[in-house]
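The values are calculated or read from the model by the stated rules, or taken from the named source; none is laboratory data. All values derive from a computational prediction rather than experimental measurement. Don't worry about glycine lacking a Cβ; one is built from the backbone with ideal geometry, like all the others, and counts go over all protein chains shown. These accessible areas exclude ligands, DNA and RNA; they are computed on the full protein's heavy atoms, side chains included. Shrake-Rupley method; radii C 1.70, N 1.55, O 1.52, S 1.80 Å.
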Amino acid sequence: MGLTGARIMHNWRRDDQIDSTRDSGQDRDVPLPGVIDTIGFGYAALALRPLAILPIVALDMYLLLGPRVTLAPLSSAISDIMRRRGENWNDAANELGRLEAFNIFELGSLEVPLARTPGIVPMFSGDRVAEIRIGDSISTLPGVAVLLILLATLVVGLFVASTYRSLLANAAAPNDETTKPVRPAVLARRAGRIATWAIALTGLAILVAMPVLVATIVGAVLGFGETTLLWLFLLFPGVWAWVHFYFSIHALVMNDAGPLESLRLSYQVVQRHFWQSIRFMSASLLITTGLSFALRELATSLPGALLAILLNAVIASGMIVAAMLFYRDRANRLGLCAQVPGR
């Protein structure tokens, strides 16, 4: 197994160098760092700026130890309205009722594909961590108050994500390019761009899914029971978008690009370095997903949960810095000049 693993690592390095030397321009003879090297550089860069993990650690600590506001008042009110509309709405009302215990502060983690703040506390099993929680659970607020808190949580989450990504971008930037702290105005602008970026991707997803949605509704009206299988056809465009727009959130921060511009930059980098990008995405998914399952097993006591929070912050942040380095090197090779973060 050790020899096989060594051969795989060697092949990845060799293929990365072959892919990297295919670029045009004056630096085409200088190979770019491969996937394995880039991941190593990412963790090395994070080690020089360890304070970059503070936003995600603070968020996880609050979600674990702070007070919780549940969705119960709002979900119960909506469920009651659904049930009054007739028996056909009972299933939807029951599904919504399952969200009553959801802590709306977890929305601060922005569980959005590609842009999520990689906190681990939302992944903890509620039963396993119930005994180590300290904060109270509040479920008696009016529905309007819950809705307002929910909206405020999303706004705060955008600023946390903006701060976190900006600090990691500073860690990924060359030492001679950035020494200044990120200004509040920059954080606010990037938070707005992250929100616009998420809305743009959501709109694109709705546009692509619209034919399937219409077909599903028509099929349900006409009595065809297998129309849900049509949603499988969305798997290919979903995977295509995830791959080609994987680096768009990094382009948004490192290039200080707009939402649509960041999508274009990510597409160009992935198109030009497709198989190298696939290898990096696979390695990143394997590391972050695999280790997150292992870390969740630590959350059986308060010290174990705190250790899992710290290790997750280091692992996830290192991979994000590595992704930024991967994107930056290839964007520069293509002539896409990155701006200095925070200026």
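Between TRP240 and ASP136, residue separation times 0.36 nm minus the direct Cα-Cα distance comes to 33.2 nm. Heavy-atom accessible surface of region 264-343, averaged per residue, reaches 42 Å², computed with a 1.4 Å probe.
Assuming a ≥ b ≥ c are the square roots of the Cα gyration tensor eigenvalues, decide whether region 83-123 counts as rounded (a/c under 1.5), prolate (otherwise, with a/b larger than b/c) or oblate.
Values: a/c = 4.05, a/b = 2.68, b/c = 1.51.
Prolate.
The candidates GLU106, GLU95, GLU261, GLU131, arranged from most to least accessible area with a 1.4 Å probe in the full protein assembly, appear as GLU131, GLU95, GLU261, GLU106. Give me the accessible area per residue for region 35-137, probe 1.4 Å, as a whole number in Å². Here the per-residue accessible area is 52 Å². Full extension of the chain between LEU151 and GLU95 yields a length gain of 18.0 nm, computed as 0.36 nm times the residue separation minus the alpha carbon distance. Summing charges over all other residues whose Cβ lies under 14 Å from the Cβ of TYR164, with Lys and Arg as +1 and Asp and Glu as -1, gives +3. Distance from the Cα centroid of region 245-312 to that of region 97-124 is 16 Å (rounded to whole angstrom).
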